[in-house]
């Protein structure tokens, strides 16, 4: 056994070297981005205000913040890549007939950004959520024999869908067997 570290002791140098917050420069940068983007869901204006306050707090120490505004922060978030399912971007534009005094959106190009959702879901099921959820519908009961609902797959809709599909499949099988008699 080792010895307890004193409170607020920095990590050992080898541990610090192996900890990566890519594409962020540090854990503080990551935590700031995570809080404003995922937890607080801050607007662009609120994120810019927080960045301004952060920058002001570092002025007297000659420090600087990693992003000049929310758009730069979001660009860093967009650099996060996990797995091999990259983003694809296409430019789309309305191509139908143009009326007189066409609205601006009919004349503009728009970026459509997406991922191959099937491939992305396969990657998530193979890693992030592996062993974390039920893939088949089920009925759950507590010790008193009362029905318990804990997630979508323990619900009536999922169970009914599975039973209905099994009955339909069984019915089709009977029809096929009758045809081959």
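Only the coordinates and a few stated rules stand behind these numbers; no lab work does. On a predicted model such as this, the values are computed, not experimentally measured, just so you know. Cβ placement follows ideal geometry from the backbone for every residue including glycine, while neighbour counts extend to all protein chains displayed.
Return 39, 72 ranked ascending by Cβ neighbour count within 10 Å, so the fewest neighbours appear first.
The fewest-first ordering by Cβ neighbours comes to 39, 72.
Neighbouring Cβ atoms within 10 Å as the yardstick, rank 93, 49, 135 fewest first.
Taking fewest neighbouring Cβ atoms as first place, the list is 135, 93, 49.
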